[in-house]
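This report refers to the structure that appears directly beneath it.
The values are calculated or read from the model by the stated rules, or taken from the named source; none is laboratory data. These numbers come from a predicted model, not from an experiment. Glycine gets a Cβ as well: all are built from the backbone with ideal geometry, and neighbour counts include every protein chain shown. Areas reflect the complete protein model, heavy atoms only, side chains present, ligands, DNA and RNA absent. Shrake-Rupley method; radii C 1.70, N 1.55, O 1.52, S 1.80 Å.
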Amino acid sequence: MTATDIGWAIVKLLIIIGCIMAVLPFLIWMERRMLGFMQDRLGPNRVGPAGLLQSFADGLKLMLKEVVIPKDADRFVYFLAPMLLMVPALCTFVVIPFGPKEQVIDLNIGVLYIFALASLGVYGIVLAGWASNSKYSLLGGLRSSAQMLSYELGVGLAIVVVVMLTGTLSLRGIVESQSGPLTFWWFGRELVIPFLPNWLIFKPLALPAFFMFLVGGFAETNRAPFDLPEAESELVSGYHTEYTGMRFAMFMLGEYVNVVTASAMVTTLFLGGWNGPFFPPLFWFIVKLMLVLFTFIWARATLPRIRYDQLMKFGWTVLVPTGLINIALIAIYDAWKWSKFAAF
Amino acid sequence: MIRDILRSLKVTFSHLFEPKVTVQYPDEPVKVANRFRGRHILRRWEDGKERCIGCHLCSAACPADAITVIAEDNPRDNPISRGERYAKVYQIDLLRCIFCGYCEDACPVNAIVLGQGFEFSGYRREDFIVNKEDLLEPHPNSFIKDSFFDSKLYDRPYLPIPSNVDLEAIIEGKQREIEETIRTAKPPIVIRPY
């Protein structure tokens with residue numbers, strides 16, 4: 001890699017991070033408006049046109065807040081935790097392919113990289129819960145780690161399905177393999193369905209993995225109906241109960257960055273990434289990203305929080321077996337495809 | 001379970017496009033119920049004369065002692081009300097008022113009523129002492145037309161002094177004529193004992 005490449009990578013990185021950070025306030029605004037509309041309310045509409053600047057007003061308020069630290073808090077870890085949540089969340093954007101050129105760097109293990117960083121984010125939550133020295137925070141942190149353990153596996157299996165179907169770990173490779181019309185292998189020949197794109201969501205074998213990944217995405221980003229770590233009705237505010245001002249805002253932003261990452265992953269892995277007719281690739285990526293983000297908001301407005309034991313049970317007895325069965329089916333299909341079962 | 005989730009998703013999605021219940025209060029007026037009773041109004045007759053005849057019954061009925069009335073004899077050439085007297089001072093201390101509506105009940109000419117207004121705010125306590133000028137309904141010929149003073153809302157049975165009974169007749173005690181007018185007047189009149 002030459003110095004020019006590195007320079008370009010840094011410029012792209014700055015632009016992408018800048019865009020993400022600039023869009024986040026509007027994402028928060030959109031979520032609040034959508035939630036309001038779904039509950040027959042209007043949502044924030046006073047600050048700026050249609051309330052667009054609400055998040056900036058909130059941010060300003062948070063900046064002016066007094067920083068209150070609990071008396072027996074572990075100060076170092078207490079200050080470290082929000083950064084531990086925020087920084088890995090932002091790091092994931094390095095490999096996400098917004099378009100054929102709009103990707104900072106294409107790692108050949110991109111999926112693994114994102115997966116690793118997503119699990120790193122939970123340290124922020126657990127440590128915040130531990131360092132706050134408050135029972136609510138601690139419970140929130142513990143729940144978060146248990147939730148992460150039980151859902152990481154399901155999400156991992158869903159990713160294995162994608163990797164088996166596309167044959168690559170690089171995110172760009174996964175998107176590129178989803179271009180063109182929908183293609184199946186059927187009795188030794190290629191079956192082409194002309195009016196459907198070759199996205200994984202249209203392939204019956206990837207459908208269980210898609211739903212697993214979506215549900216796992218809800219769980220990993222700690223959002224309703226899996227927002228147990230910050231369950232307002234039981235744990236005040238969960239792991240960030242004792243945080244004020246900008247540190248609280250960092251948790252908040254980290255959560256939303258995670259939501260964007262999860263949506264981008266769903267788009268890339270299952271919805272064909274930047275592939276689409278007529279319009280430029282970036283347009284298609286953003287449209288699909290918005291659709292997935294809407295699904296996140298929609299689920300939050302609809303589904304009540306499930307109980308802790310239900311969540312664990314669902315993770316271990318539904319998601320993991322489904323993933324294993326899905327992988328087995330694809331293995332059989334592949335074996336058939338490569339004529340190991342010539343007798344058929 | 002999957003079907004339930006899909007059904008509930010449908011419900012929330014359909015609510016995206018439904019009319020919202022939020023009332024943006026200072027920008028949009030709030031509709032109060034017809035029977036809502038708030039700030040007082042002193043009414044006028046259709047010809048613009050004040051209804052209040054300065055009888056003090058409202059201030060006597062007021063359990064919170066919020067009403068002060070000082071009556072004076074009507075000027076003969078240009079009567080302000082239809083009675084013998086009129087209220088020279090009519091003052092209500094809104095901070096004392098408990099909105100019980102006894103003044104409304106007590107009033108023989110249905111002059112004081114509790115209106116639909118509810119926007120009470122002020123910077124000083126004195127702002128809540130309202131005088132006759134603040135309470136009076138606008139003159140029918142006035143260019144001020146305010147739905148706030150929608151008189152029809154406040155009509156209720158009372159002992160009226162119909163406009164075709166002249167003051168002289170009342171003063172001279174032509175009781176039979178008055179009774180005749182009252183009997184034939186429309187709508188039917190409920191004479192309440194007081």
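Data overview
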item: Candidates B:Leu57, B:Leu95, B:Leu6 - the one that is among the aliphatic types (A, V, I, L, M), touching a residue at least 40 places away in the same chain (Cβ under 8 Å) and open to solvent by 50 Å² or more (accessible area, probe 1.4 Å); result: B:Leu57
item: Every residue from region A:266-277 that is buried (at least 17 other Cβ atoms within 10 Å of the Cβ) and modelled with pLDDT under 85; result: A:Gly272, A:Gly273, A:Trp274, A:Asn275, A:Gly276
item: Top-ranked residue in region B:1-19 [being assigned to a loop (DSSP other than H, G, I, E, B) and at pLDDT 85 or above; ranked as nearest to the other protein chains (Cβ to nearest Cβ)]; result: B:Leu16
item: From the options A:Leu85, A:Leu107, A:Leu139, residue that is of a type in the set (A, V, I, L, M) and modelled with pLDDT under 85; result: A:Leu107
item: Residue satisfying condition, being in a helix (DSSP H, G or I) and either at pLDDT 85 or above or away from chain B (no Cβ under 14 Å) (or both), within set A:Phe76, A:Phe98; result: A:Phe76
item: In region B:14-31, the residues that are of a type in the set (D, E, K, R) and open to solvent by less than 90 Å² (accessible area, probe 1.4 Å); result: B:Glu18, B:Lys20, B:Glu28
item: Residue list for region A:308-322, filter: open to solvent by 70 Å² or more (accessible area, probe 1.4 Å) and more than 14 Å from chain B (Cβ to nearest Cβ); result: A:Tyr308, A:Asp309, A:Trp316
item: From the options A:Cys91, A:Cys19, residue that is under 25 Å from the mean Cα position of the chain (by Cα) and open to solvent by 70 Å² or more (accessible area, probe 1.4 Å); result: A:Cys19
item: Exclusive hit being within 20 Å of B:His139 (Cβ to Cβ) and either more than 14 Å from chain A (Cβ to nearest Cβ) or open to solvent by 50 Å² or more (accessible area, probe 1.4 Å) (or both), set B:Asn34, B:Asn74; result: B:Asn74
item: Residue within region A:143-161 that is open to solvent by 60 Å² or more (accessible area, probe 1.4 Å), in a helix (DSSP H, G or I), under 29 Å from A:Gly245 (Cβ atoms) and charged (D, E, K, R) present; result: no
item: Single residue of region A:39-73 satisfying the filter (open to solvent by 60 Å² or more (accessible area, probe 1.4 Å) and within 14 Å of chain B (Cβ to nearest Cβ)) that is farthest from A:Tyr239 (Cα to Cα); result: A:Arg46
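Every residue, every condition in (1) hydroxyl-bearing (Ser, Thr, Tyr); (2) over 30 Å from A:Tyr333 (Cα atoms); (3) away from chain B (no Cβ under 14 Å); (4) assigned to a helix (DSSP H, G or I), yes or no:
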position: A:Phe211; (1), (2), (3), (4): no, no, no, yes
position: A:Gly216; (1), (2), (3), (4): no, no, yes, yes
position: A:Phe248; (1), (2), (3), (4): no, yes, yes, yes
position: A:Thr261; (1), (2), (3), (4): yes, yes, yes, yes
position: A:Thr268; (1), (2), (3), (4): yes, no, yes, yes
position: A:Lys288; (1), (2), (3), (4): no, no, yes, yes
position: A:Val292; (1), (2), (3), (4): no, no, yes, yes
position: A:Trp298; (1), (2), (3), (4): no, yes, no, yes
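One line per residue, one yes/no per condition, for (1) in contact (Cβ under 8 Å) with a residue 40 or more places away in the chain; (2) surrounded by 24 or more Cβ atoms within 10 Å (Cβ to Cβ); (3) assigned by TED's automatic domain parsing to the domain that holds A:Gly141:
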position: A:Gly216; (1), (2), (3): yes, yes, yes
position: A:Pro225; (1), (2), (3): yes, no, yes
position: A:Glu242; (1), (2), (3): yes, no, yes
position: A:Phe279; (1), (2), (3): no, no, yes
